[in-house]
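Structure record follows, encoded as structure tokens.
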Amino acid sequence: MRALIRVRKYDTTAMTPTATTPASLLNRHYRLVWWGVLMLLWVPASSLLRDYLNDDLGVNALETLQRTTGRWAVIALILTLAVTPTRRALVRLCRLAKRRWGRRLSDWNTLMRMRRMLGLSCFAYAALHAGVYLAFDLSWDWAFLADDATEKPYILAGALNLFLLALLAATSPDRIRHALKGWWRRIHRLVYVIALLAIAHWVWMLKPGDGRATPYLAALLALLGIRLLYRVGWMTLGEDDGMPAMPRPPQG
């Protein structure tokens, strides 16, 4: 009888995945969120294509194409790097708010599933960025490319970045991930090298006094700094208090 009373007093609405919490809502509406983020990411590319077909890219069409594709490649990279810190921050917030659902990293696994889409979008924008440079700036003249790479270090940084992004994209399918086992994680840690190369690529391109890239570079540096702090142990998530993600009513 006492056990029955305890079960009735137990607040099951706050502990089940059907409760109205950010984590449970994300889990239930994952597909909707996934497609929404993907469409928002590709609005700029669609706008570029429309303006290109209508000959409405402005006075310097090449600069518009290069800057837009490059900027959105960096934005997608920032979002990719932000997934893990965001997941940890949400866990902290749920613990502070004493939420039963969302206080464990595993409650936010759905968020991690979006990382592949963000990373592939980063690669696609970077490939478009490189394609614009090769097709419209160099007219696919590989001799000019060799000269540019010799004279401009940001070209080398960009080329290496594209190669690394292609490597990560090629190894992103689940089948390859399972085949590579522990090597998959090592390979995908190259995303931090990609972030450093993106910073170098942009900084070397900047003209004195041009501050348009500052917010993006600051975001990349902040995310790399957070990763470093976790890596050296100066930031930790702390142990969970033992409350399971879906606790059961006490048994009598």
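Of the helices (runs of 4 or more DSSP H) lying entirely inside region 53-142, those containing at least 3 residues that are of a type in the set (Ser, Thr, Tyr) and on the phi < 0 side of the Ramachandran plot are 61-96. With respect to being surrounded by 16 or more Cβ atoms within 10 Å (Cβ to Cβ) and either farther than 17 Å from Leu196 by Cβ or touching a Leu at 6+ places or on another chain (Cβ under 6 Å) (or both), Arg87 fits the description.
Taking each residue of region 110-123 that is over 10 Å from Val33 (Cβ atoms) and looking for partners that are among the polar types (S, T, N, Q) and in a helix (DSSP H, G or I) with beta-carbon atoms closer than 7 Å, six or more apart or interchain, yields Arg115/Thr80; Leu118/Thr80; Gly119/Thr80; Cys122/Thr80. Which residue is modelled with the highest pLDDT, if the candidates are limited to region 22-52 and must be under 30 Å from Ser106 (Cα atoms) and either in a loop (DSSP other than H, G, I, E, B) or basic (Lys, Arg) (or both)? Taking the candidates together, the pick is Trp42.
The values are calculated or read from the model by the stated rules, or taken from the named source; none is laboratory data. Just so it is clear, the structure is predicted and the values come from calculations on it, not from any experiment. Quick reminder, even Gly has a Cβ in these numbers, built from the backbone with ideal geometry, and neighbours come from all protein chains shown.
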